[in-house]
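The values are calculated or read from the model by the stated rules, or taken from the named source; none is laboratory data. In this text the structure is predicted, and so the values were computed from the model without any measurement. We place every Cβ from the backbone using ideal geometry, glycine too, and count neighbours over all the protein chains shown. When the accessible area is computed, the model is the full protein with side chains, heavy atoms only, and any ligands, DNA or RNA have been set aside. Shrake-Rupley method; radii C 1.70, N 1.55, O 1.52, S 1.80 Å.
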Amino acid sequence: MNLKRLVNRQVVNNLSRFNGRVRTRRDFSTITASIHSSNSCCDGVVLYNFSNSTPILSFNRYMHTIGETKLIGSSFNPKHNANDIEEDETMNEFLSRFVWIMRGKLTEVYKDCDKQTINNMLLVIVGKVVSEMEKGGLDQMLDVAVATLSQEFSRDLWKTVFEVSNAVLADMEKEKKKEKMKGFLQCEEVQELCRFAAEIGIRGDMMREFRFKWAREKMEESDFYESLKRLREEVKAQEKAEEEGKNAVAMGEEAATMGEEKPKLLIESMSQKSSIWPEEPKPISGKCKIVAEKILALKEEDDPSPLLAEWAELQKPSRIDWLTLLDKLKEQNTRLYPKVEELLLSEKSFQANIRDYSKIIDAHAKQNRIEDAERIVEKMNENGIQPDALTTNILVHMYSKAGSLDRAREALESLRRLGFRPDREIYNSMIMVYVNAGQPKLAESLTREMEARDIKPTMEIYMALLRSFSQHGDVGGAGRIATTMQFAGFQPNLESCTLLVETFGQVGDPDQARNNFDYLMRLGHKPDDRCTAGMIAAYEKKNMLDKALKLLLELEKDGFEPGLATDSVLVDWLGKLQLVDEVEQLLGRIAGQGEAPPLKIQVSLCDMYARAGFEKKALQALGVVEAKKEQLGLHDFERVVGGLIAGGFVQEARRVHGLMEAQGFASEHLKVTLTASQAFSRKRPSK
C-alpha cells in the first residue's frame, strides 16, 4: 500500500504559513517553535520532544480539516491491485475515525487554541502515526512498546495515541461483524430454521434470540472455512517455494517447522469438520435399488427394520443417503414415514442430531400423542443428547394443551434453566393450563410477569382469568382482573360485566351485583338473558323477590323478554317458596318457547313436588334426574335427597343417596339426616 498517495492540500498550505520549506531537523524545530510561540495559550505544554525531530512532510497524507475530508492524488494506477485498494480504504477509514477522536481530545485539552492551531497539531500527530505505521503496518505499531517508538512525542501523547487507535480498531471490527451478521441473518439455512420454529409456535423475543444464535453459529462456521482456506493456500505456497528452492535461506529452520505443522493442522481440522462438507448421495442401483423399492412399497403395519438393515448393508449409506431415502418415503408413503424416521434415530450411520429428535417430538405433540413424544425424549437422553430450548418449548406447548399441569410446569422451569425467557405463546399456554386446573391465582402471577417484561396479555387471556375467578366466586381476583384490563386499554364489554354480576351474586352481594349491572347499561350495552339471570340469582341469595320483580318489569318495558336462563332461576326460587302454580306457569312459558327444561329445573321440580307432596310429579321429575345422574354435582344430589326426605320419600332418598356415593360424592350431614329419617319415618303425604 502506498500511503503517500493520500493527501490534503489545505493542511500542507496551513503548515506553509509557518515555514515554506521544512527539510531539515532545524527547520522542523523552527516550525514547532513557531506554533507554540504564535499561540500563547499553549505555552508550557509539551506536545513532543524537539531534540530528535525529523522531517515528516515529504509525504502527502489524509486529514480532516475545516469540516471537510478530501482524498487527493488517488488517481487510478493500473499497478495497484484489489488488495492495495482494499487496504487503502481500510486505512482511510482508520485515519478518518482517528482524526475525529483526536480532534475532540485536543480541543478538550487546549481549550483556548483556535481551530487552525488544532489542525496543525493534528497534522504533526497523524503524520508521525502514519510514519510509524509505514514501518511495519498498523498491527505492528500497536504491538510495539511505547518505549521503542520515536521519542519525538511524550509518553503521555503516545499513550493517548494507543488508546484512540485501539478504540478505533475495536469500533471498526464491531461494524464489520455487524455487517457480516446481517448477511447471515438472511441466509437460507437460518430462514429455514426460523420457519420451523414459527411452525411450532415460537414468537417474539425467543424467536429473535434463536435467529441471532443460528446466524452467529453460521458465521463462525464460515469463519472457520475461511481460515481453513487461507491455511491451505499458505501450505500450497510453502510447498511450491520448497520445490523451486526459493527463499531457502530466509525460511530456514522456521519454514521446515511450519511445513510440518501446518499440513498436520490442516488434516486435523478437515477431519473434524468432515461431517459439514456438502456431499452428494451415492447412486442406487442393482439389488440395492430393488430393496429400496420394497421399502417404499411397505404398508403401515409392516416392520421395515429387516429391509432397512439389508439396504444399509448393501449401500453403506452416509447421512445424506438416508435423508434422500426419507425424502422419497415422505413423498410416496407418508403413513410409513414416521416409523422409519424414528427407527433411523438408532442407526449409527444416520448420525442423528437434536433437530431430528425435535421434529419427531413436534409431530407427536401436534397429534396429542404424549406417550410417543415422551418415548422420543427418553431415547434422546439414552443417546446422550439433552433437550435444548427448542425441544423444551415443544414440550411446554404439548403438556399445556393436554392439561398436564405438573409436566408443563417442569418443562417451563427447564426452559428457564437453559437461559431462555418464555415468549407470548408459552405464557399463554401456561396461563390456560393453570386456568383449566382451577388455579387462577398462579395464572394471574404469570400475567404480572408478562407485564413486567412489556409483553401485553391479550383480551382472551384476561377473559379466561375473569371466568375462572368468577366460577370460584373470588370477588377480589375478578375485580383485580377487571381493573387490570381497563389499565391495559381493554374496555368493559357485556361478558366481562356479566361475569362480575355473577361473581357478586354467588357471594350474596346483590348491591355490588346491581352496581355492575347498572354500569353495563351506562356503557350502552343491553343486558341479555344470561346477565339478567345472574342479577336475579343475586337477589335470590337475599330473598329480595320484590326487587327482582321490579327489575324484570323495568326491563320488559325496554323490550327485554326473559329467556331460559332467567326462567330457570325463577323456577328454582319460586319452587323453594312452594309457589307451585307460579312455577307451572313458567314451565308453560318455557314449553311455549320450544325449549326442553334443563336438568337444573328438573332438580328444582323434584325438590318442590316432593316437599309439596305431589307424589306422581315428584317421581316423574326424579326419573329424569336419575337418568342424568352423571351430570349431577354434590349440591344437586343434596337438593334432591333433602327434598325426598322432607316429603317422606325415604326409600327413594336412600336409593338416590346410593347413586351419589357411587359417583364419588359424600355428605356426612345428609347421611345423618337419612339415618334419622329411617328411625323416625314419616308418613308420606299424597296430593
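For residues that are open to solvent by 70 Å² or more (accessible area, probe 1.4 Å) and hydrophobic (A, V, I, L, M, F, W, C), tally how many sit in region 505-520. Working first, answer last.
Filtering region 505-520 for residues open to solvent by 70 Å² or more (accessible area, probe 1.4 Å) gives 506-507, 511-512, 515, 519.
Subset that is hydrophobic (A, V, I, L, M, F, W, C): 507.
Residues that pass the stated criteria total 1.
Within region 156-208, being of a type in the set (A, V, I, L, M, F, W, C), without any contact (Cβ under 8 Å) to a residue 24 or more places away in the chain and not in a helix (DSSP H, G or I) holds for no residue. Taken over region 105-149, residues that are among the hydroxyl-bearing types (Ser, Thr, Tyr), surrounded by fewer than 16 Cβ atoms within 10 Å (Cβ to Cβ) and modelled with pLDDT under 80 amount to 1.
One line per residue, one yes/no per condition, for (1) surrounded by fewer than 19 Cβ atoms within 10 Å (Cβ to Cβ); (2) among the acidic types (Asp, Glu); (3) farther than 19 Å from Arg611 by Cα:
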position: Asp558; (1), (2), (3): yes, yes, yes
position: Glu561; (1), (2), (3): yes, yes, yes
position: Thr566; (1), (2), (3): no, no, yes
position: Val571; (1), (2), (3): no, no, no
position: Leu574; (1), (2), (3): no, no, no
position: Leu577; (1), (2), (3): yes, no, no
position: Asp581; (1), (2), (3): yes, yes, no
position: Arg589; (1), (2), (3): yes, no, yes
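So which residues in region 626-654 are within 25 Å of Val583 (Cβ to Cβ) and either without any contact (Cβ under 8 Å) to a residue 24 or more places away in the chain or under 50 Å from the mean Cα position of the chain (by Cα) (or both)? Matches in region 626-654: Ala627, Lys628, Lys629, Gln631, Leu632, Gly633, Leu634, His635, Asp636, Phe637, Glu638.
When only residues in region 366-419 that are in contact (Cβ under 8 Å) with a residue 40 or more places away in the chain and of a type in the set (A, V, I, L, M, F, W, C) count, which is surrounded by the most Cβ atoms within 10 Å (Cβ to Cβ)? Checking each candidate, the answer is Ile394.
Every residue in region 656-668 that is without any contact (Cβ under 8 Å) to a residue 12 or more places away in the chain and either part of a loop (DSSP other than H, G, I, E, B) or in contact with a helix residue (DSSP H, G or I) (Cβ under 8 Å, 6 or more places away or on another chain) (or both), please. Working first, answer last.
In the first step, residues of region 656-668 are kept if they are without any contact (Cβ under 8 Å) to a residue 12 or more places away in the chain; the result is 658, 661-662, 664, 666, 668.
Gly664, Ala666, listed by residue number.
Residues of region 105-118 that are under 52 Å from the mean Cα position of the chain (by Cα) and not hydrophobic (A, V, I, L, M, F, W, C): Lys105, Thr107, Glu108, Tyr110, Lys111.
Kindly indicate whether His635 is at pLDDT 90 or above and surrounded by fewer than 14 Cβ atoms within 10 Å (Cβ to Cβ).
Numbers: at pLDDT 90 or above: yes; surrounded by fewer than 14 Cβ atoms within 10 Å (Cβ to Cβ): yes.
The answer is yes for His635.
Is it the case that Lys547 is at pLDDT 90 or above, over 21 Å from Met521 (Cβ atoms) and among the basic types (Lys, Arg)? Answer is no for this residue. Does Glu652 satisfy the condition of being more than 17 Å from Leu570 (Cβ to Cβ), at pLDDT 90 or above and surrounded by 14 or more Cβ atoms within 10 Å (Cβ to Cβ)? So Glu652 passes the test. Only residues that are out of contact with any helix residue (DSSP H, G or I) (no Cβ under 7 Å at 6 or more places or on another chain) and buried (at least 18 other Cβ atoms within 10 Å of the Cβ) were counted in region 616-631, giving 0.
Where residues in region 351-365 are assigned to a loop (DSSP other than H, G, I, E, B) and open to solvent by 40 Å² or more (accessible area, probe 1.4 Å), which of them is farthest from Ala197 (Cα to Cα)? I'd like the intermediate steps shown before the answer.
Residues of region 351-365 assigned to a loop (DSSP other than H, G, I, E, B): 351-353.
Those still in the list that are open to solvent by 40 Å² or more (accessible area, probe 1.4 Å) too: 351, 353.
On the way: Gln351: 22, Asn353: 16 Å.
In this case the residue turns out to be Gln351.
Where residues in region 234-249 are at pLDDT 75 or above and open to solvent by less than 100 Å² (accessible area, probe 1.4 Å), which of them is farthest from Phe184 (Cα to Cα)? Within region 234-249, the match that is farthest from Phe184 (Cα to Cα) is Ala237.
One residue stands out in region 300-315 among those that are within 41 Å of the chain's Cα centre (by Cα) and not aliphatic (A, V, I, L, M): the one that is nearest to Ser346 (Cα to Cα), namely Ser305. I'd like the residue in region 208-222 that is farther than 24 Å from Arg424 by Cα and open to solvent by less than 60 Å² (accessible area, probe 1.4 Å) and, out of all such residues, is nearest to the chain's Cα centre (by Cα). So the residue we want is Lys218.
Going by the conditions given, is Val396 outside any loop (DSSP other than H, G, I, E, B), under 16 Å from Ile200 (Cβ atoms), among the aliphatic types (A, V, I, L, M) and within 17 Å of the chain's Cα centre (by Cα)? Give the steps one after another, and end with the answer.
Working: outside any loop (DSSP other than H, G, I, E, B): yes; under 16 Å from Ile200 (Cβ atoms): yes; among the aliphatic types (A, V, I, L, M): yes; within 17 Å of the chain's Cα centre (by Cα): yes.
So Val396 passes the test.
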